[in-house]
Amino acid sequence: MMIEEVQACDESGLEAMMLHTIRTSVRMDEAEMAGVVANVLANMRWAFDHAQQCVHLKCVDEGRILGVVLVKNFWNLCSLFVEPHHHRRGVGRSLIEAAVKRCAPRNERQYLQVNAAPNAIEFYRSMGFAKLEDARVFGTSTPMALPLGAQ
């Protein structure tokens, strides 16, 4: 299992993995699901167009993408997806840890922020993220932050 930078040639594989993960792991109504999918794909395309303004990493094993993380502007953790068959095997943790190492020296805010899906809240808590009480809520997500000094 290796953590590597996402390449432009990864786009179709990433899209397929993320959509599969959303459809099998996230529980929400169809309207919210459509919004989430549109947002995830827009963020991925933004990352390809703005590679110098983000950390975009993949976890690969034997040529297969098992997970991906995207941190826009070095503080906005807007995507973390792990292939459902690889949940609870350290893929997400490895991706977050690698992203933190790459973001910390380039981050003016000194934290990572995420809008956590309901099924991901406990994972983020285990990584040291805490709920943000005064942040704007999007749909069923929970705003959370990780101080970069905590890692």
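Please treat every number below as a calculation from the coordinates, not as lab data. The structure presented is a predicted model; accordingly, all values stated were derived computationally and were not measured. Backbone-built Cβ (ideal geometry, glycine too); neighbour counts: all protein chains shown.
Figures for the structure shown
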{"read-out": "Ranked packing of 18-26, 77-85, most packed first, by mean Cβ within 10 Å", "value": "77-85, 18-26"}
{"read-out": "Cut-off under 5 Å, modelled amide H: who pairs with N76 long-range", "value": "Q113"}
{"read-out": "Paramagnetic reach from T140 in segment 11-42 [backbone N under 19 Å; point 7 Å along Cα→Cβ]", "value": "18-41"}
{"read-out": "Over segment 14-140, volume per residue of the alpha carbon convex hull, in Å³", "value": "113 Å³"}
{"read-out": "Qualifying trypsin sites (Lys or Arg not before Pro) for segment 90-151 [loop in DSSP, other Cβ within 10 Å: at most 13]", "value": "R136"}
{"read-out": "Over the chain: helical MRE at 222 nm, DSSP H runs n ≥ 4 each giving -39500 (n - 2.57), nearest 500", "value": "-11500 deg cm²/dmol"}
{"read-out": "Estimated vicinal HN-Hα couplings, Hz - segment 15-27 in sequence order (Karplus 6.51, -1.76, 1.60; Gly, Pro = x)", "value": "4, 4, 5, 5, 5, 4, 5, 4, 5, 9, 10, 9, 9"}
{"read-out": "Cα-centred dipole magnitude for segment 2-106, charges only on beta-carbon of K, R (+1) and D, E (-1), debye, nearest 20", "value": "400 debye"}
